[in-house]
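Notes to accompany the following structure.
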Amino acid sequence: MLPEEWPVRSVPERGSSHPVLGGGGDRLSTARRDFFLPPGHRLTEQERALMTAMLHRLIEDMSAEIQARLPQEWLPANEDLGGLIDRLSQSGLLDIDALMSLLLRRADEERIFGAFNARPASRVASIIQPLVSSADADIAAAAMAVLIARGRRRNRYGQPTVELDDLPRDAAARLAHAVAAALCERKPVQVSNHYAERALCEAAKGLLARHDPSKSLDRLTVELVRLLDEGEQLDEGWIRLAIDNAEMSVLGHALARRSRIDSAAAAAELLSGDSRRVMILLRLADVPRALASHLLAVLGDLLGLATDLHALALFDSIAEDRIAGARSWLSLGLNFKSSLKALGHGHGAV
């Protein structure tokens, strides 16, 4: 039996606009890359479905906002945007590092939380909700902001979504202009190309004028974690709570704060599926051995880590100079590290 994750592609119905994919040389290079891709690097069907749904929702929302800034009845309301999204995908305009990284991380966090929540003995509780009644007014306000932002990033079926504010400015600008450019191909026949292009470009600028990265879910969570740290509440008990409730986002931000490294770098290490990288992150965050063992017992299998004993042996064996090297590497900017790797350099310890 073939794996359910890779179903046999069905033959399109007669008259369908989707042709049967050929098996000739035109697809050979793509087929070879896909065939030899290590299983551990391949997206699961769940990850692909979650990422696709979040991306489609984001594009649909942006398209609706851009169209709302155009002359009335220029573009049809409730238009099926499947073709537009396919066009953007095929052109490579959606292959934006920050966008793909965000979608993958959100999908991983959702996968882990869903699997954990499905366990018979699990009793997941919100670790943010109680902070709303904190005696510290700043912590209470920050917790409320995170809860509201989380609520906005769920659709009516409870599925995760992302918003434009979750992207950094450069990525948001690239995506907004890509969507606007694709909508140029759907202008009414009577509208000139020059007029359509200028109107859509201005509409994209108008959309970006309201873009506010400070309202991103990550930025709001970082602020809450900062306040907890300054209030001496970001202790081992808080880390344990995050572990016990599979709060991967909060856990990543907390470890980043305790390690004094970038949150995106900490999340990448935590979700890497590499026992050594995760154990180095825990050492950077000054997590005690007992708490590292607890993380492995509760979430180790969902994080794709090695057996508890093997991972703990790594935790114990990592030398201090290795920790210092990891801190130095993880503190570097993402673009700089990417450039070093592309050039075949880089002295990362993780």
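Data table
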| item | result |
| --- | --- |
| Failed condition for Asp165, given (1) closer than 20 Å to Ser216 by Cβ; (2) open to solvent by 30 Å² or more (accessible area, probe 1.4 Å) | (2) |
| Residue in region 87-94 that is out of contact with any Pro (no Cβ under 6 Å at 6 or more places or on another chain), hydrophobic (A, V, I, L, M, F, W, C) and open to solvent by 60 Å² or more (accessible area, probe 1.4 Å) present | yes |
| Of all residues making up region 187-217, the number that are open to solvent by less than 30 Å² (accessible area, probe 1.4 Å), in a helix (DSSP H, G or I) and more than 20 Å from Ser63 (Cβ to Cβ) | 2 |
| Unique residue being within 25 Å of Asp166 (Cα to Cα) and either at pLDDT 90 or above or open to solvent by 90 Å² or more (accessible area, probe 1.4 Å) (or both) when the list is Ala107, Ala68 | Ala107 |
| Region 250-269 - residue that is farther than 23 Å from Gln129 by Cβ and in contact with a helix residue (DSSP H, G or I) (Cβ under 7 Å, 6 or more places away or on another chain) and, of those, most open to solvent (accessible area, probe 1.4 Å) | Asp262 |
| Within region 330-350, considering residues that are under 19 Å from Gly252 (Cα atoms), over 19 Å from the mean Cα position of the chain (by Cα) and at pLDDT 80 or above, the one surrounded by the most Cβ atoms within 10 Å (Cβ to Cβ) | Leu332 |
| Cβ pairs under 8 Å, 6+ apart, first in region 139-150 and of a type in the set (Lys, Arg), second crowded, with 16+ Cβ neighbours inside 10 Å | Arg150/Ile128; Arg150/Leu217 |
| Pair list, Cβ < 9 Å and 6+ apart or interchain, from region 225-242 residues that are in contact (Cβ under 8 Å) with a residue 60 or more places away in the chain to residues that are of a type in the set (Asp, Glu) and in a helix (DSSP H, G or I) | Leu227/Asp138; Gly231/Asp138 |
| Residue among Ala265, Ala256, Ala246 that is touching a residue at least 40 places away in the same chain (Cβ under 8 Å) and part of a helix (DSSP H, G or I) | Ala265 |
| Arg123 being within 26 Å of Gln46 (Cα to Cα), outside any helix (DSSP H, G or I) and modelled with pLDDT under 95 | yes |
| Residue tally, condition within 20 Å of Arg258 (Cα to Cα) and in contact with a helix residue (DSSP H, G or I) (Cβ under 8 Å, 6 or more places away or on another chain), over region 333-350 | 4 |
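The values are calculated or read from the model by the stated rules, or taken from the named source; none is laboratory data. In this text, all values refer to a predicted model and were calculated from it rather than measured experimentally. Every residue, glycine among them, receives a Cβ derived from its backbone with ideal geometry; neighbour counts consider all protein chains shown. Quick note on the areas: whole protein, heavy atoms, side chains included, nothing else; ligands and nucleic acids left out. Shrake-Rupley method; radii C 1.70, N 1.55, O 1.52, S 1.80 Å.
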